[in-house]
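This report refers to the structure that appears directly beneath it.
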Amino acid sequence: MAVSTASILSRLLQHKTTKPRTESSGTKAVISSILVHLKVSHLQKAVSILFAFPDSVPYSLYAHLLHLCSLKSAIVEARKVESHLISFSPSPPIFLLNRCIETYGKCRSLDDAKEMFDEMPQRDGGSWNAIITAYTRNGYPENALHLFLKMTRDGVLANEITFASVLGSCGLICELGLSRQIHGLIVKYGFLENVILGSSLVDVYGKCGIMSDARRMFDGIENPNAVSCNVIVRRYLEMGEEEEAIVMFFNMFREDIRPLNFTFSTALIACSGLCALKEGKEIHGVAIKFNLEKDMVVSSSLIDMYVKCAEVESARRIFNQLGSKDVITWTSIISGYVINRRTREARDIFNEMPERNVISWNAMLAGYVRIEEWEQAADFLLQMRNEFDHVDSVTLGLILSICSGLSDVEMGKQVHGFVYRHGFCSNIFIGNNLLNMYGKCGNLRSARNWFYQLNQWRDRVSWNALLSSYARRGRSEQALLFFGEMQWEVRPSKFTFGTLLAACANIFAVKLGKQIHGFMIRNGYDIDIVIRGALVDMYSKCHCLDYALMVFMEEASHDVVLWNSMILGCCHNGRGREVLELIRLMVEDGVKPDHVTFQGILRACVYECQLELGRKYFNSMSDEYFVIPRLEHYEWMIELYCRCGSMYELENFVKAMPFEPTTRMMIRILNACQKYGFLKLGEWAARRLNGLNNSVPISC
């Protein structure tokens, strides 16, 4: 039909325009019937009536029908309207043929649009605009730009619509050079004051990553509107400049511009990225003022913002206030509880969902994986497979994590078979998860075999997974050999070096550790605070404490993790006095100690027999630093009292413990009582150990 349509069009357009004729009563009846059906949204029936009528109708009706076809993406009806137009109209006007091209573009039928354009014996600027926009809209920016260049060569002058479409295509493929040329043409033709074109230039510079030009262009718009403001806020967010995105959002109110709901969403996403709760609450307040709190776009972003800022109850209140909730909103609140490790509440919400998709199931499954509740994860997975057929790469990755957590290599092999049967083998995300599963399950042979099968797709993550598998199982020498092979294929990452340094520490291979350290320096790797901690740990465990201290002091700023690495390194080498000096420097540096720090402090106090100092630091944990003592802290305090022979204080300390002493503690207490002849506490400890009377209170 399309070929005959084009030939008819070509023939009919050669005739001169005839005088309009008056409508017959039959034509009026058909038009009336078509309009009645359109009034009740029966587009298909209306077009069928038109298609069966052997005469033309007013051009305005054709235009209206094409508009409705474009709104509903009704390609079949659009073709019927076009066929009727060129069959029964002696000389269709160009504007109406342009409308046909626009409709085909909106219906995603580029073949029809291009054929109509190619067969038009006469075209105007609107024809070029329509076909360029059609290609841009459907994700073919290269074709759109090719047509624009052809249009320019044919001497057709571009207008504002042309430039807007072409800039959209430039943005899709980050064509910065052509964008600058078009910018020059816009200035030349005097279109720069057009706010749509100004916004398009902001958009294209932002997409090309030139935010300085985007901001300069935005500041040059005389009267920016909500759309142009939305563009600049969005581009700042996409470039990772969340703070600037939030600033630009609030600047809109100084210009008395009301943000779009999408702009609210973008600003809230920026707050989520920065965990900027204060600014997020302010945006929430503005959304309430503009009655946008229940808008689905804004509400979903509000839920996400509160979740990322660990304000789950606030997110839940917004969720509960929504009248209608879609699957995205349900999934957002479930993810919020999952992120904050409140899996039971997430499951209660999941059970209430009226409908679920694969993302919902994945979110809930990820909750169990996150808190390593492997049995519950396996039970939930079974329910998922019984109630839901579809799985994607994320699902498979989570299933493989469950296999790793359960050390169930047989289940992992079944998943591997599923991957083969359903064509996921080339998915490197799944491939790396399989490799990681075999490694964590201790099946190094399968891990190595699968690694070599991945040779076509494997990447740096694959190499790191293999190295970690061997290092985790104490095969540090083999891990270091693989590192030699790795350098022929990919550039090692900082994660790779962290794994290798841990492997060197495990086998006390200080020579290899020094070589890796030197390799990183020679090849310009950034030795960040994480790698510096791994170096400190490696040198400490290899009893090269001077090297560890040197690496530690090279870092300008120290976080609590790096301090802990150095403190535990000194403890490992029995240098308690240095630990106590480091603690003093750490406090002066303004770094707050955590439970690991206090474990190192108490160990140092034991080495140096500093009972008073140890008691002082233990009491300061909860009183001054709000760190709740853990089992290991109580163990070191018992060791300190035993080492110093303070048996009465030991008895009082054990009596005040918030839990029953462990077997290990009881043995240490009994040995100390025997050494120092403290019979009362020793008899109690012996009875506890022998299980003669578990209910005997310590005071007896």
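The values are calculated or read from the model by the stated rules, or taken from the named source; none is laboratory data. Remember, it's a predicted structure, so these values are computed and weren't measured experimentally. Ideal geometry is used to build each Cβ from the backbone, glycine not excepted, and the neighbour counts take in all protein chains shown.
Taking the numbered list (1) modelled with pLDDT of 90 or more; (2) more than 21 Å from TYR438 (Cα to Cα); (3) surrounded by 14 or more Cβ atoms within 10 Å (Cβ to Cβ) in turn, SER401 passes all entries but (2).
For the range 82-101, taking the residues that are surrounded by fewer than 22 Cβ atoms within 10 Å (Cβ to Cβ) and without any contact (Cβ under 8 Å) to a residue 60 or more places away in the chain, the one that is farthest from the chain's Cα centre (by Cα) is identified as PHE88.
Among the residues of the range 650-688, just one is free of Cβ contacts under 8 Å to residues at least 12 places away in the same chain, closer than 20 Å to ASN619 by Cα and either charged (D, E, K, R) or assigned by TED's automatic domain parsing to the domain that holds TYR607 (or both), namely GLU660.
Within the option set GLU410, GLU387, GLU375, GLU352, being among the charged types (D, E, K, R), touching a Leu at 6+ places or on another chain (Cβ under 9 Å) and either under 30 Å from ALA315 (Cα atoms) or surrounded by fewer than 18 Cβ atoms within 10 Å (Cβ to Cβ) (or both) holds for one residue only, GLU375. Of all the criteria given as (1) touching an Asp or Glu at 6+ places or on another chain (Cβ under 8 Å); (2) surrounded by 22 or more Cβ atoms within 10 Å (Cβ to Cβ), the one not satisfied by PRO58 is (2).
All told, GLU612 meets the bar of being over 45 Å from the mean Cα position of the chain (by Cα), surrounded by fewer than 18 Cβ atoms within 10 Å (Cβ to Cβ) and at pLDDT 90 or above.
Residue pairs whose Cβ atoms lie under 8 Å apart, sitting 6 or more positions apart in sequence or on different chains, and linking a residue in the range 590-605 that is at positive phi and basic (Lys, Arg) to a partner that is buried (at least 21 other Cβ atoms within 10 Å of the Cβ) and not in a helix (DSSP H, G or I), do not occur here. Can VAL297 be described as aliphatic (A, V, I, L, M), out of contact with any Lys or Arg (no Cβ under 9 Å at 6 or more places or on another chain) and modelled with pLDDT under 90? When the stated conditions are applied, VAL297 passes them.
Residues checked against (1) in a helix (DSSP H, G or I); (2) in contact with a Cys (Cβ under 7 Å, 6 or more places away or on another chain); (3) under 21 Å from LEU157 (Cα atoms):
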| site | (1), (2), (3) |
| --- | --- |
| TYR62 | yes, no, no |
| VAL81 | yes, yes, no |
| LEU85 | yes, no, no |
| PRO121 | no, no, yes |
| ILE131 | yes, no, yes |
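Just give me the residues in the range 36-55 being under 17 Å from HIS84 (Cα atoms) and assigned to a helix (DSSP H, G or I), in sequence order. Across the range 36-55, the qualifying residues are LEU43, GLN44, LYS45, ALA46, VAL47, SER48, ILE49, LEU50, PHE51, ALA52.
I'm trying to understand the selection: among the residues of the range 617-647, which are under 16 Å from GLN674 (Cα atoms) and assigned to a loop (DSSP other than H, G, I, E, B)? If the condition is that a residue be under 16 Å from GLN674 (Cα atoms) and assigned to a loop (DSSP other than H, G, I, E, B), then GLY645, SER646 are the ones that fit.
Within the range 655-680, being more than 54 Å from the chain's Cα centre (by Cα) and of a type in the set (Lys, Arg) holds for LYS675, LYS680.
Residues in the range 278-313 that are within 19 Å of the chain's Cα centre (by Cα) and among the aromatic types (Phe, Trp, Tyr): TYR306 alone. Among the residues here, LEU467 does not qualify as at pLDDT 90 or above and of a type outside the set (Lys, Arg). Summed over the range 653-668, residues that are outside any helix (DSSP H, G or I) and surrounded by fewer than 18 Cβ atoms within 10 Å (Cβ to Cβ) total 6. When you look at PHE117, is it touching a Lys or Arg at 6+ places or on another chain (Cβ under 9 Å), of a type in the set (Phe, Trp, Tyr) and surrounded by fewer than 20 Cβ atoms within 10 Å (Cβ to Cβ), yes or no? The answer is no for PHE117. Against the list (1) among the aromatic types (Phe, Trp, Tyr); (2) surrounded by fewer than 21 Cβ atoms within 10 Å (Cβ to Cβ); (3) under 30 Å from VAL419 (Cβ atoms); (4) in contact (Cβ under 8 Å) with a residue 12 or more places away in the chain, the condition PHE508 fails is (3).
The listed residues are VAL227, VAL187, VAL231, and the only one of them that is among the aliphatic types (A, V, I, L, M) and either at pLDDT below 90 or out of contact with any helix residue (DSSP H, G or I) (no Cβ under 6 Å at 6 or more places or on another chain) (or both) turns out to be VAL187. Might you let me know whether the range 461-470 holds any residue that is of a type in the set (Val, Ile, Thr) and within 30 Å of SER557 (Cβ to Cβ)? Yes, there is a match, as at least one residue in the range 461-470 is of a type in the set (Val, Ile, Thr) and within 30 Å of SER557 (Cβ to Cβ).
The number of residues in the range 506-545 that are within 19 Å of HIS572 (Cβ to Cβ), among the small types (Gly, Ala, Ser) and modelled with pLDDT of 85 or more comes to 4.
Summed over the range 178-193, residues that are part of a loop (DSSP other than H, G, I, E, B) and surrounded by 16 or more Cβ atoms within 10 Å (Cβ to Cβ) total 2.
Residue check: LEU692 meets all listed conditions (1) modelled with pLDDT of 85 or more; (2) assigned to a loop (DSSP other than H, G, I, E, B) but one, namely (1). Considering the range 475-495, and only residues there that are not in a helix (DSSP H, G or I) and not hydroxyl-bearing (Ser, Thr, Tyr), the residue that is nearest to ASN464 (Cα to Cα) turns out to be PRO492.
Criterion first (under 30 Å from GLU683 (Cα atoms), modelled with pLDDT under 90 and part of a helix (DSSP H, G or I)) does LEU650 satisfy it? Answer is yes for this residue. Among residues of the range 413-428 being more than 24 Å from the chain's Cα centre (by Cα) and not in a helix (DSSP H, G or I), the one that is surrounded by the fewest Cβ atoms within 10 Å (Cβ to Cβ) is GLY423. Where helices (runs of 4 or more DSSP H) fall wholly inside the range 196-272, the ranges with 3 or more residues that are more than 25 Å from CYS174 (Cα to Cα) are 242-254.
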